[in-house]
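The values are calculated or read from the model by the stated rules, or taken from the named source; none is laboratory data. Since the structure is predicted, the reported quantities are computational estimates derived from the model, not experimental observations. Don't worry about glycine lacking a Cβ; one is built from the backbone with ideal geometry, like all the others, and counts go over all protein chains shown.
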Amino acid sequence: MLEYSFMQNALLGGVIIALVCGFVSVFVILRRTSFAAHALGHMSLTGAAGAALLGLPSILGQIILNVVASVAMGLMGDKVKKNDLAIGVVLTFVLGFGIYFLFLFQNNYAGSVMGILFGNIFAVSHAQLVQLAILGSVILITLLFILRPLVFVSIDPVVAESKNIPVRLISVIFFVVLAVTVSMACQIVGVMLVFTLLIIPGAIGNQWGQSIMQSLIISMMSAVSSVIIALFISYSLDLPASFCITMVLCLMYFIGGIKNKLFVK
């Protein structure tokens, strides 16, 4: 099956997305911002619809809307953890606009925009691979550059601020990175799966890792391995790729949970 170009593109695209999401996932869990990640994923639909309405590339609309929303979340600082209601209201408002945008142009664009909900990893083009590689590299380099202060701010923002670490700036940078990650991944794997890739790998990393670095490595390894295994299962059994990736990740998480129950007192 590897002789087919679509399978090669799917594997390469999936691995890039898995590496990035696996890294970001640890901090989504550590900072308890899973609902914010979920909200950004669904906001991508509105961004894509608005861009299509204006005749622009859908990823441009996703990035613009998500970055604006992420900057607002970052400026909230730690309050974002307690503002699930406010985020939910904003999400509902933005999704309402998304539905309206789709209503305004009931043509082939609507179908392509709705495809962002579920994605199609087997339809990755060479141009999209280049786009993924560039965005993924920028995201990982940015995270590595701010890794130490990001860990400090995520664990104890009060102490970090007392040490003159720019807590709010680090938070804004992280949320912008999260927004670009979501926008990038939604184009390929869809809104539904990107949330899975931003939550479960980090949870698996927490189950097995004894430090932040161990959690990061395990999270990325679990995300990458789940994508590779699931794509082969999907191709062999003619099952949806998103379903297979989700099931493989959930199985890994359940195995970690059983391990903790049996061997950790």
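Every condition in (1) surrounded by fewer than 19 Cβ atoms within 10 Å (Cβ to Cβ); (2) farther than 18 Å from I170 by Cα; (3) among the hydrophobic types (A, V, I, L, M, F, W, C) holds for L30 except the one numbered (2). Screening V248 with (1) under 30 Å from S58 (Cα atoms); (2) at pLDDT 90 or above; (3) of a type in the set (A, V, I, L, M); (4) under 15 Å from the mean Cα position of the chain (by Cα) gives one miss only, at (4). Filtering segment 222-245 to residues that are within 18 Å of the chain's Cα centre (by Cα) and in contact (Cβ under 8 Å) with a residue 40 or more places away in the chain leaves S222, A223, V224, S226, V227, I228, A241, S242, I245. If the condition is being buried (at least 18 other Cβ atoms within 10 Å of the Cβ), part of a loop (DSSP other than H, G, I, E, B) and at pLDDT 85 or above, then segment 106-165 contributes only V124.
Here's the yes/no breakdown for (1) of a type in the set (V, I, T); (2) surrounded by 21 or more Cβ atoms within 10 Å (Cβ to Cβ); (3) not in a helix (DSSP H, G or I):
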| position | (1), (2), (3) |
| --- | --- |
| L178 | no, yes, no |
| Q187 | no, yes, no |
| I199 | yes, no, no |
| Q210 | no, no, yes |
| S215 | no, yes, no |
| S219 | no, yes, no |
| T246 | yes, no, no |
| L251 | no, no, no |
| I258 | yes, no, no |
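Taken together, the residues in segment 231-245 that are touching a Ser or Thr at 6+ places or on another chain (Cβ under 9 Å) and modelled with pLDDT under 90 amount to 4.
Rundown of residues vs (1) surrounded by 15 or more Cβ atoms within 10 Å (Cβ to Cβ); (2) at pLDDT below 90; (3) β-branched (V, I, T), yes/no style:
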{"position": "F195", "(1), (2), (3)": "yes, yes, no"}
{"position": "N206", "(1), (2), (3)": "yes, no, no"}
{"position": "A223", "(1), (2), (3)": "yes, no, no"}
{"position": "K265", "(1), (2), (3)": "no, yes, no"}
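Quick one: in segment 4-29, which of the residues that are in a helix (DSSP H, G or I) and more than 15 Å from the chain's Cα centre (by Cα) is farthest from I121 (Cα to Cα)? The selected residue is S5. When you check F152 against the structure, is it farther than 23 Å from A69 by Cα and among the aromatic types (F, W, Y), yes or no? Yes; evaluated as a whole, the condition is true for this residue. Exactly one residue out of G55, G41 is modelled with pLDDT under 85 and buried (at least 24 other Cβ atoms within 10 Å of the Cβ): that is G41.
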